[in-house]
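The values are calculated or read from the model by the stated rules, or taken from the named source; none is laboratory data. Predicted, not measured: the structure shown is a model, and the values here were computed from it. Counting neighbours? That spans all protein chains shown, and the Cβs are built from the backbone with ideal geometry, glycine included. Quick note on the areas: whole protein, heavy atoms, side chains included, nothing else; ligands and nucleic acids left out. Shrake-Rupley method; radii C 1.70, N 1.55, O 1.52, S 1.80 Å.
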Amino acid sequence: MSTIRIEAEGPGGMLQVYEWFTRHRGSIVELDRSRRLGFGIPIVGARAVIVAVTLQDERQPRPQLGGVVRAISNSTDLGPVRLVFEGRSPIGMPPDEAEALATEILDIVSKRMIAGELVERVA
């Protein structure tokens, strides 16, 4: 079980990202009919927000991916944050599949932040 690390440009500044993660702490996002993304409680540090995430598929007894998403601020605080997923696949998913799912997680989080979309609690 190797570590997966994916980086992507975030949708906005640190304040926007912090507020979105705070509004969605403990929430579950339905990605499709069988997959759900769960968020933990965000931790705020100097120039960063960290939140635990798990990706669960109903067809699997354990989460597909588990790890953290970090939003790291731009040095000027005016530019977009950098989103980083770092975690593992508890079910031993092949690295290329796990990386594709981690990329999808960052993409979904970014799109929902841009839209200001609230997630619905499904559990």
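A few notes on this one:
- Hits in segment 65-123 (condition: of a type in the set (D, E, K, R) and either at pLDDT 90 or above or within 15 Å of the chain's Cα centre (by Cα) (or both)): Arg70, Arg82, Glu86, Arg88, Asp96, Glu97, Glu99, Glu104, Asp107, Lys111, Arg112, Glu117
Residue-by-condition table, conditions (1) assigned to a strand (DSSP E or B); (2) out of contact with any helix residue (DSSP H, G or I) (no Cβ under 6 Å at 6 or more places or on another chain):
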residue	(1), (2)
Glu7	yes, yes
Leu15	no, yes
Phe21	no, yes
Gly26	no, yes
Asp32	no, yes
Arg36	yes, yes
Val44	yes, yes
Val49	yes, no
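- Flag if Ile108 is out of contact with any Pro (no Cβ under 9 Å at 6 or more places or on another chain) and open to solvent by less than 40 Å² (accessible area, probe 1.4 Å): yes
- Among the numbered conditions (1) free of Cβ contacts under 8 Å to residues at least 24 places away in the same chain; (2) within 18 Å of Pro90 (Cβ to Cβ); (3) open to solvent by 80 Å² or more (accessible area, probe 1.4 Å), the only one that Asp57 does not meet is (3).
- Close pairs from segment 11-28: first at positive phi, partner part of a strand (DSSP E or B) and not polar (S, T, N, Q), Cβ under 8 Å, at least 6 apart: Gly26/Phe39
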